[in-house]
Amino acid sequence: MRNSLKSVVELNFEDEQGFKDSIKTIRSEYIKKALKSIVYIAIVLSVALSYLLYCYLPYIESNSFNNLLAYESFSLEGNIFPLNLTLSWTLFSTCIFLVVYYIRLTQVKFTPSLIKYIERETKYAGFEFTKKIESVGLFMILTAISIAILFYIDTKLIQFNGSFLSIIFQHSFFVYLLVNLILPIIFIFKNDKFAIKIKDNVFVLCNLHYNFRKNKEYDPNLLGIILTSNRLCSKFDKSGKYIYSKISGNRWLIRNEPSTISPFLRFEEYSVPFNFQKQFLNIVLALNEWENNYISNLVSLNYYFSNTVLNYKYGTKQDENPNQLIYLKFLNQ
């Protein structure tokens with residue numbers, strides 16, 4: 001996406017005219033990106049439809065997928081290519097994945113100029129802005145395994161004779177093909193993100209809030225960036241929830257209730273482009289406070305329980321205080 005346009009415009013959000021010009025640039029780039037995705041989808045669907053009409057349709061009436069895996073019906077008929085299962089599944093799964101991927105691409109409102117702007121602002125703050133694309137790699141790995149097994153089936157190196165193990169393998173492989181198709185699509189929506197790496201396993205995700213309506217008036221909220229940290233802890237962790245609420249309140253961070261699908265606490269901040277660095281550093285400092293308070297809190301809790309066990313087994317020494325519950329002291333602050 002970063003190289004989708006040859007020219008990248010320097011965006012300026014410092015004044016009203018610069019904001020309006022930047023909005024026009026982003027809108028123009030987004031429309032071009034969306035049109036390009038539509039063209040790619042049309043090409044992919046055309047290739048898939050051509051294969052279906054001229055190669056697979058004459059064969060599909062007399063064979064189902066389960067029959068294709070069965071030893072008795074394994075044969076090449078009509079105009080079917082050699083390696084029929086391998087080619088059919090490769091084309092089918094790739095088409096489904098690419099169509100969903102490009103549809104998702106049209107929903108992501110980041111454009112080359114806006115990416116360049118956030119990269120520059122992030123670099124000035126001392127961090128790196130990257131795009132995490134996990135779905136493509138996962139799809140390639142799962143599909144490579146599928147192709148290898150289907151190749152052995154097509155070349156009769158793997159044959160089915162109706163035995164119990166043969167039936168188990170057929171059903172297991174069918175489930176694997178479903179996973180091969182569904183899991184990368186889930187990753188497209190859940191794991192393909194724009195992120196700013198803070199340190200190992202600590203990052204901030206960037207999502208764009210952008211209303212593409214034409215507004216003649218100056219509206220600073222027309223374009224906003226939602227910053228979301230990596231997950232902190234479970235919402236059922238009372239200690240973590242208290243620390244989370246305290247830090248969020250002190251730093252005026254957005255406090256959204258965690259969903260039932262993903263019941264984890266995350267810091268969230270909202271920024272408009274011209275004060276991006278300030279709001280980004282605010283969430284970075286919140287993450288730093290969380291790491292210091294939450295980890296030290298766990299250490300104190302472990303220390304308390306370890307001493308409690310020792311005192312229970314061996315008795316309390318006279319020079320030690322048995323009420324060393326630093327954990328409750330922190331919560332009562």
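The values are calculated or read from the model by the stated rules, or taken from the named source; none is laboratory data. Predicted model, so just to flag it, every value in this text is computed and none were measured. Neighbour counts are summed over all protein chains in view; Cβ atoms, including those assigned to glycine, are modelled from backbone coordinates with ideal geometry.
Scanning the stretch 100-107 turns up at least one residue that is assigned to a helix (DSSP H, G or I), at pLDDT below 90 and exposed (fewer than 13 other Cβ atoms within 10 Å of the Cβ). Lys36 meets the conditions (1) surrounded by 12 or more Cβ atoms within 10 Å (Cβ to Cβ); (2) under 30 Å from the mean Cα position of the chain (by Cα); (3) at pLDDT below 80 in every case but one. The failed one is (3). Looking only at residues in the stretch 175-208 that are of a type in the set (D, E, K, R) and more than 9 Å from the chain's Cα centre (by Cα), which one is nearest to Ile23 (Cα to Cα)? Filtering the stretch 175-208 for residues that are of a type in the set (D, E, K, R) and more than 9 Å from the chain's Cα centre (by Cα), the one nearest to Ile23 (Cα to Cα) comes out as Lys197.
Within the stretch 120-133, take every residue that is in contact (Cβ under 8 Å) with a residue 24 or more places away in the chain, over 22 Å from Val108 (Cα atoms) and not in a helix (DSSP H, G or I) and give me the one that is nearest to the chain's Cα centre (by Cα). I'd like the intermediate steps shown before the answer.
Going through the stretch 120-133, the residues in contact (Cβ under 8 Å) with a residue 24 or more places away in the chain turn out to be 121-122, 124-125, 127-133.
Then keep just the ones that are over 22 Å from Val108 (Cα atoms); that gives 124-125, 127.
Retained after the next criterion (residues that are not in a helix (DSSP H, G or I)): 125, 127.
On the way: Ala125: 24, Phe127: 20 Å.
Once the filter is applied, the top-ranked residue is Phe127.
The condition (being among the small types (Gly, Ala, Ser), buried (at least 17 other Cβ atoms within 10 Å of the Cβ) and closer than 29 Å to Phe13 by Cα) is satisfied by just one residue among Ser146, Ser229: Ser229.
Across the stretch 234-256, the number of residues qualifying as surrounded by fewer than 17 Cβ atoms within 10 Å (Cβ to Cβ), at pLDDT 85 or above and within 22 Å of Asn207 (Cβ to Cβ) comes to 2. The listed residues are Ser259, Ser271, and the only one of them that is exposed (fewer than 15 other Cβ atoms within 10 Å of the Cβ), at pLDDT below 90, out of contact with any Cys (no Cβ under 6 Å at 6 or more places or on another chain) and not assigned by TED's automatic domain parsing to the domain that holds Thr25 turns out to be Ser259.
Would you check which residues across the stretch 110-139 are of a type in the set (A, V, I, L, M, F, W, C) and either over 22 Å from Ile283 (Cβ atoms) or not assigned by TED's automatic domain parsing to the domain that holds Leu183 (or both) and list them? Can you show your working first?
Filtering the stretch 110-139 for residues of a type in the set (A, V, I, L, M, F, W, C) gives 110, 114-115, 118, 125, 127, 129, 133, 136, 138-139.
Selection gives Ile133, Val136, Leu138, Phe139.
Among the helices (runs of 4 or more DSSP H) contained in the stretch 134-251, which hold 2 or more residues that are out of contact with any Phe, Trp or Tyr (no Cβ under 9 Å at 6 or more places or on another chain) and touching a residue at least 40 places away in the same chain (Cβ under 8 Å)? Lay out the reasoning, then the answer.
Working: elements: 135-154, 164-190, 238-250.
In the stretch 134-251, the matching helices (runs of 4 or more DSSP H) lie at 164-190.
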